[in-house]
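Engineer: Take this structure, written in structure tokens, and hold onto it; I'll ask about it next.
No value in this document is a laboratory result; all are computed from the given coordinates. Keep in mind that this is a model prediction, so the values were computed, not measured. Every residue, glycine among them, receives a Cβ derived from its backbone with ideal geometry; neighbour counts consider all protein chains shown.
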Amino acid sequence: MNSGASFGQYFEGNSFIHRLDPRIKLTASIIYIVVIFLAKSLFSFALILAVTLGLMLSTGIPFGRFIRGLRPILFIMAFTAIINIFWYTGDTLLVDFYFIEIYLEGIINAVLIALRIIFLIAGTSVLLTYTTTPLALTDGLESLLSPLKYIKVPVHDFAMMMTIALRFIPTLTEETTKIMNAQKARGADFTSGSFIKRAKSLIPILIPLLVSAFRRAEELADAMECRCYTGGAGRTRMNVLRTKLADYIFLFSIITLGAAVVILNMYVPGIALGI
């Protein structure tokens, strides 16, 4: 395992989340994402934060791994926050300088959107990529989508493509780091100059990265062909998925979280954020 890997990397462990049925994890992840976007009060965000931190700690994965997993989205978070701060209007005006107007509601909205993004990445990492092997994820996704087979949807192929794409995220990240280090050793500078200059300096990275990606894809295709992989037809599983009582209890807990968030939004006075 690459110590520098982050998002998309599976971390071996024996926590109760690692042992959950992948179908339950996928279902819980969907519910969790919906709950994140339903939250509209301080208490509901605090509740989601507490649950997310509890899940993160229960996995036994070092907290720093989750922090590193957020690095790729820092620019998106910052850009989204800035857009909301300067374009979101409200009732409480804080700054009025020429054409620049900043409202308290805009700042609050920017913070909450950033929190939603953090919860989204952290929660799905805990429930899926960090604690579920690509094979288990494929089996779980295929099982959940199996009813679509009756309308001739290639469920297995779709699940396999999704899993391979997810699995290649840390691989491509590692490859990008190697290429950047090689370019730096040759005198390349990716940190100084204007934004346009720094963007242009990344162009020499793209070509070798694309070449490497196609090479790895070809190697993977050859490996699958050598193992006589022909798709889902007639394929059996080494580990048959079986849902246990603990899986249902966990799923019920996530559903309860969603119900609690809705109740907090509706019936707890004085904390609604109006977003």
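Engineer: How high is the FRET efficiency between Ser212 and Glu12 when r is their beta carbon distance and R₀ equals 22 Å, given to the nearest 0.05?
Structural biologist: Working: r = 26 Å, r/R0 = 1.19.
Given R0 = 22 Å and the Cβ-Cβ separation, E is 0.25.
Engineer: Using only the Cα atoms of the chain, what are the Rg and Dmax in Å?
Structural biologist: Gyration radius and largest Cα-Cα distance of the chain: 22.2, 69 Å.
Engineer: Cα to Cα, under 16 Å, and not fewer than 8 places away if on the same chain: which aspartates and glutamates meet these conditions relative to Lys40?
Structural biologist: Result set, ordered by chain and number: Glu105.
Engineer: Would you calculate a helix-derived [θ] at 222 nm for the chain, using -39,500 (n - 2.57) for each DSSP H run of n ≥ 4 and dividing by the full residue count, to the nearest 500?
Structural biologist: Numbers: 10 runs with 173 residues, N = 275.
The per-residue figure over the chain is -21000 deg cm²/dmol.
Engineer: Reachable lysines from Lys184, Cα under 23 Å, same-chain residues fewer than 8 places away excluded?
Structural biologist: Reachable lysines: Lys197, Lys200.
Engineer: Grab the beta carbon distance between Cys228 and Met266, set R0 = 51 Å, and tell me the FRET efficiency rounded to 0.05.
Structural biologist: On the way: r = 56 Å, r/R0 = 1.10.
Once the sixth-power term is evaluated, E becomes 0.35.
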